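The values are calculated or read from the model by the stated rules, or taken from the named source; none is laboratory data. Since the model is a prediction, treat every value here as computed from it, not as a measurement. Don't worry about glycine lacking a Cβ; one is built from the backbone with ideal geometry, like all the others, and counts go over all protein chains shown. Heads up: the accessible areas ignore ligands, DNA and RNA and are worked out on the full protein's heavy atoms, side chains in. Shrake-Rupley method; radii C 1.70, N 1.55, O 1.52, S 1.80 Å.
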Amino acid sequence: MANRGPSYGLSREVQEKIEQKYDADLENKLVDWIILQCAEDIEHPPPGRAHFQKWLMDGTVLCKLINSLYPPGQEPIPKISESKMAFKQMEQISQFLKAAEIYGVRTTDIFQTVDLWEGKDMAAVQRTLMALGSVAVTKDDGCYRGEPSWFHRKAQQNRRGFSEAQLRQGQNVIGLQMGSNKGASQAGMTGYGMPRQIM
């Protein structure tokens, strides 16, 4: 973690709000999935936000995770470094984020490197891992290991094809947003410019 002093005022309120979004139960589920997915001797971290951050901070677990979602020989990160140098670890986190985006995780679901490295927003890290799991379950390519019910399947495209005749027929229909013209008539209407008849 970075050596930052305590925050005060609005900064502290914002940080507390961010920290409230962190889910300890979700952390356990994600740790179990990562260990099962990587199928290697990865030790289980002690529970808690700080331990979860420390476990993922060097980027090796994340890189092993994204590599395990690809068939053997097609891994996006060929060399995973066990270096203790900060810039190497941050580079590995960045490699994971790029690989996750290529895999199919939306850019809006991806956390920033400092969110994990400095522990600023671990809830964003959880959201990214949840999105990655959802994409893996949805792809259903045989590389996902774990319980399919752990993640939501993403909605699939359902294109509809209409013939020219159906499209022409649809142009004659008045949409219900415009109201209905059933029973409408102009009986009793007076022409424009005529004075009102008050009796």
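By a 1.4 Å probe calculation restricted to protein chains, T108 has an accessible surface near 120 Å², given to the nearest 10.
For the pair segment 82-161 / segment 34-78, the C-alpha centres are spaced 12 Å from each other.
Each residue was assigned an accessible area with a 1.4 Å probe, and for E75 the value is about 70 Å². Note on segment 1-146: with charges restricted to the Cβ of Lys and Arg (+1) and Asp and Glu (-1), its dipole about the Cα centre is near 300 debye.
Protein-only accessible surface at a 1.4 angstrom probe places the residues H152, H44 in the order H152, H44, largest first.
Sorting Y103, Y70 on solvent-accessible area from highest to lowest, probe radius 1.4 Å, gives Y70, Y103. The aspartates and glutamates within cross-link reach of K154, meaning a Cα-to-Cα straight distance under 16 Å and a gap of 8 or more places when in the same chain, are E101, D109, D140, D141. The residues D140, D23, D109, sorted by heavy-atom accessible surface at 1.4 Å with ligands and nucleic acids left out, run D140, D23, D109 from largest to smallest. Counting lysine pairs in segment 1-96 whose alpha carbons fall under 18 angstrom apart, excluding pairs fewer than 8 residues apart on the same chain, gives 10.
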